[in-house]
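The values are calculated or read from the model by the stated rules, or taken from the named source; none is laboratory data. Since we're looking at a predicted model, the values are computed, not measured. Here the Cβ positions follow ideal geometry from the backbone for every residue, glycine too, while neighbour counts run over all protein chains shown.
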Amino acid sequence: MLGLVIQLLVSWLLLWLFQKKGLGVLGFYPTRWRMLGFGLFFLVTAICSTSDFVMRMLFAQQSWYLNPRLSAGLIFSGLWWNIKSVLFEEFIFRGALMYILIKRIGPVKAILISSISFGIYHWFSHELFGNPFLMLVEFITTGLMGVVYAYAYAKTFSLYYPIAIHLGWNLVRSVVFSETVIGDQLLVQVKPVPQVTVGYFIFFCVVYLPMLSAMLINFFMIRRMRQAEA
């Protein structure tokens, strides 16, 4: 929590020094449309993320069971971990620095810088150095998701939208299906995982379609929104 407070203080200082603006340009004020937008983008992205696991059940014969050690405290800790990590990343990559870049060099270049930085950052957070193939895949996937997050902020000048998309994707994977470093949460995968041979098209759908659908659906939803001013 202290880290988030420090991030906000640094964000305020940067905005004031470079643009003579306050934290209001990050769109924190909870208007009716922002809250509705948050819910819509969160739900759409969560459905896309869930489709990954549904296809694994259908085509790869994978299955999950309810965590026998499930408790309210466990779920709360998982939710809080995700909220903190998403806010941390959004404040860095779609926060004050991006606003300054938009005003100094324009939205297109700002989105590119933000998404490239976001992709490179995940080499460190996921400890991928030493494996060029995984580094490339991670850079492309997280970088493209970063484009959607950055576009959402550049179009709305509110962090509600990139946070909603980011949380919708992450919460399903980590809290619902227990697929991150925080360990077992709501559902736990049955081990050993079945070894199933599928065609290239099914493999592509299972591995890439959920993320592609999340990117494209959110991108076109954002595109249809009115450009906000800040």
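Observations on the model:
- Scanning the range 64-90 for residues that are farther than 18 Å from His126 by Cβ, of a type in the set (Ser, Thr, Tyr) and surrounded by 15 or more Cβ atoms within 10 Å (Cβ to Cβ) turns up just one, Ser77.
- As a summary of the residue check, Gln61 satisfies the conditions (1) in contact with a Pro (Cβ under 7 Å, 6 or more places away or on another chain); (2) more than 20 Å from Tyr160 (Cβ to Cβ); (3) crowded, with 17+ Cβ neighbours inside 10 Å except for the one numbered (3).
- No other residue among Gln195, Gln185 is buried (at least 22 other Cβ atoms within 10 Å of the Cβ) and not in a helix (DSSP H, G or I) apart from Gln185.
- Filter pass, Phe53 being more than 15 Å from Met145 (Cβ to Cβ), assigned to a helix (DSSP H, G or I) and touching a strand residue (DSSP E or B) at 6+ places or on another chain (Cβ under 9 Å): yes
- Qualifying residue in the range 35-48 (condition: of a type in the set (Gly, Ala, Ser), at pLDDT 95 or above and surrounded by fewer than 17 Cβ atoms within 10 Å (Cβ to Cβ)): yes
- One residue stands out in the range 121-137 among those that are surrounded by 15 or more Cβ atoms within 10 Å (Cβ to Cβ) and at pLDDT 90 or above: the one that is farthest from Phe88 (Cα to Cα), namely Met135.
- Failed item in (1) within 15 Å of Leu66 (Cα to Cα); (2) surrounded by fewer than 17 Cβ atoms within 10 Å (Cβ to Cβ); (3) among the β-branched types (Val, Ile, Thr); (4) under 17 Å from the mean Cα position of the chain (by Cα), with Val190 passing the rest: (4)
- Number of the condition not met by Phe204 [criteria: (1) part of a loop (DSSP other than H, G, I, E, B); (2) surrounded by fewer than 16 Cβ atoms within 10 Å (Cβ to Cβ)]: (1)
- Exclusive hit being under 15 Å from the mean Cα position of the chain (by Cα) and surrounded by 17 or more Cβ atoms within 10 Å (Cβ to Cβ), set Ser178, Ser115: Ser115
- Complete set of residues in the range 207-230 that are at pLDDT below 90, surrounded by 12 or more Cβ atoms within 10 Å (Cβ to Cβ) and farther than 15 Å from Asp52 by Cβ: Ala228, Ala230
- Ala154, sole failed condition from (1) in contact with a helix residue (DSSP H, G or I) (Cβ under 9 Å, 6 or more places away or on another chain); (2) surrounded by fewer than 18 Cβ atoms within 10 Å (Cβ to Cβ): (2)
- Any hit, the range 162-170, residues being surrounded by fewer than 19 Cβ atoms within 10 Å (Cβ to Cβ), farther than 19 Å from Leu101 by Cβ and among the hydrophobic types (A, V, I, L, M, F, W, C): no
- At least 2 residues being in contact (Cβ under 8 Å) with a residue 60 or more places away in the chain and of a type outside the set (Asp, Glu) is the threshold, and among the helices (runs of 4 or more DSSP H) wholly inside the range 103-179 those reaching it are 132-156, 160-171.
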